[in-house]
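The structure appears below as structure tokens.
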There are 2 protein chains.
Amino acid sequence: MNPKTGLLEPLESLSMTDRVENILREYFTENAFKPGDALPNEMEIAQKLNVSRNVVREALSRLRMLGMIEARPRRGMIMAQPDLLAGIEKVLNPFILSKSNQNDIFELRLILEMGIAEFLFARKTPKDLDELEAIVEKQKGLPVLSKEDEIEFHGKLYDMTGNETFQRFQSLLFPVFEHVFATMVTTTEHAAPANPVSHYDLFKILKDGTPEEFRKAMHIHLSVYYNTIRR
Amino acid sequence: MNPKTGLLEPLESLSMTDRVENILREYFTENAFKPGDALPNEMEIAQKLNVSRNVVREALSRLRMLGMIEARPRRGMIMAQPDLLAGIEKVLNPFILSKSNQNDIFELRLILEMGIAEFLFARKTPKDLDELEAIVEKQKGLPVLSKEDEIEFHGKLYDMTGNETFQRFQSLLFPVFEHVFATMVTTTEHAAPANPVSHYDLFKILKDGTPEEFRKAMHIHLSVYYNTIRR
DNA sequence: CTATTATATTTGTAGGACAAATAAAAAGAT
DNA sequence: ATCTTTTTATTTGTCCTACAAATATAATAG
């Protein structure tokens, strides 16, 4: 109820499980729990919050899924390092996502691909470049690149960013990306022309050029995807 | 047990809850459930899988948290549109994340910021530009920009991408980003010099320039952050 | 036909029991 | 005294039963 405007607003209707989950997450922060720290056991929590152990277990099950806690007989529960991508990993399924969400994911993957240049240049090593070179040399003679070829090259780039979360996230997005693009191709195009900027070109720029040149080239490399962008 | 090498490998030790969760997610995909479709009720699932109703509820609680299912008395459960970011939202807390994860998030936000140019140019409207202009005009006279000023400008950019998932994700990343940068600044710098590329500059390029010019300018605008990148 | 009331159904919560899997303590061997 | 093995205690994991709460559906009244 907003007294100023007189509008009726929906009452909050969180289940006990939702509320226990929220309380526990706040509790972890307020008490500065670190991975390895012992947590109160289920019965203590249930008694402190005056709810049944079942409700506590339902809430804890969620936190367990996020990797935030681990549980052992006798020892009880301990804090763990959450898995940033545990949640999204379980919903990145093109068959259950809306078209709108799928398109967002498709674009998000392009956004991420365009944004990594600085990190590639900051962190490339001679070893990395050798390995990338081996990949592009192997691909040079192929008339058309397979999905696996694409994954191999771009996957190596992701590794080279030195950002594990990025690498994993970008890889998780691929099935939805591919799915979205597959539905587009069916309706709009028959054959993909040779890419004006090849993997080899990108490799050469990464080896001897600048982040800016890399971004320019990557945009062209990805033009088949960028051409699908709706206004 | 790998018979070739004789190495012992850990046995899989999923709880029943983990297994029920996995089974349910597969079941949703295999049966092409769409938002609004009725699902089997808890007792049916428990009987079909030969587990207790509690275990089913613990698994469903997780799916509920991800927004994948909704439950009503008598009607039962229905499929819902999952919330892509429900999981990560609950763990994007700088106080429980490792330094390594925090740094990954800091960088991920920079990657995303650098990648949105094409979408801004594809989707900018005269109305958007007017609104963005109003923001930069308001900020022009300020000697130093506050956090809120930064959020206002960049937030408008995120809106302009027309990608709701991106907008929300980038916003969710901000507290960790800010936290990481705050720990860096304390140890390395005292005062931030005026930005060589202002919000106004970015606005002008967005209005009259090219995506490439925008990316170049954004990189300079973000140089205070990019200068912190470890090799 | 529409509105109201009653009923049926399923989820949400509670409490109890015991199996399973350790972690910790105790006992035994060197 | 230290190390290894066995025993015990503790907590989680799973199961069961019961009933309250909140609808969704069916029945009744106007």
Residue check, B:Phe119 surrounded by 20 or more Cβ atoms within 10 Å (Cβ to Cβ), at the interface with another protein chain (Cβ under 8 Å from one of its Cβ atoms) and aromatic (Phe, Trp, Tyr): yes
Filter result for B:Leu132 (over 28 Å from A:Ile88 (Cα atoms) and in a loop (DSSP other than H, G, I, E, B)): no
Residue check, B:Glu107 in contact (Cβ under 8 Å) with a residue 12 or more places away in the chain, surrounded by fewer than 16 Cβ atoms within 10 Å (Cβ to Cβ), within 14 Å of another protein chain (Cβ to nearest Cβ) and not basic (Lys, Arg): no
Sole residue being at negative phi and either at pLDDT below 95 or within 15 Å of DNA strand C (Cβ to nearest atom) (or both), chosen from A:Glu89, A:Glu44, A:Glu26: A:Glu44
Residue satisfying condition, being within 15 Å of DNA strand D (Cβ to nearest atom) and modelled with pLDDT of 95 or more, within set A:Leu132, A:Leu63: A:Leu63
Filtered residue count, the range A:32-48, keeping only those that are among the small types (Gly, Ala, Ser) and out of contact with any strand residue (DSSP E or B) (no Cβ under 8 Å at 6 or more places or on another chain): 2
Criterion: under 29 Å from the mean Cα position of the chain (by Cα), more than 8 Å from chain A (Cβ to nearest Cβ), away from DNA strand D (no atom under 16 Å from the Cβ) and part of a loop (DSSP other than H, G, I, E, B) - qualifying residue of B:Pro82, B:Pro94: B:Pro94
Scope the range A:63-79; condition within 16 Å of DNA strand C (Cβ to nearest atom) and surrounded by fewer than 19 Cβ atoms within 10 Å (Cβ to Cβ); matching residues: A:Glu70, A:Ala71, A:Arg72, A:Pro73, A:Arg74, A:Arg75, A:Gly76, A:Ile78
Residue count for the range B:34-52, restricted to those that are in a helix (DSSP H, G or I) and within 14 Å of chain A (Cβ to nearest Cβ): 1
In the range A:197-221, residue nearest to the other protein chains (Cβ to nearest Cβ) [restricted to those that are without any contact (Cβ under 8 Å) to a residue 60 or more places away in the chain and β-branched (Val, Ile, Thr)]: A:Ile220
Residue match in the range A:38-47 (condition: in contact (Cβ under 8 Å) with a residue 40 or more places away in the chain, hydrophobic (A, V, I, L, M, F, W, C) and within 16 Å of DNA strand D (Cβ to nearest atom)): yes
Test result for A:Ala134, out of contact with any helix residue (DSSP H, G or I) (no Cβ under 9 Å at 6 or more places or on another chain), of a type in the set (A, V, I, L, M) and either within 30 Å of A:Ala182 (Cα to Cα) or within 7 Å of chain B (Cβ to nearest Cβ) (or both): yes
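The values are calculated or read from the model by the stated rules, or taken from the named source; none is laboratory data. Keep in mind that this is a model prediction, so the values were computed, not measured. Counting neighbours? That spans all protein chains shown, and the Cβs are built from the backbone with ideal geometry, glycine included.
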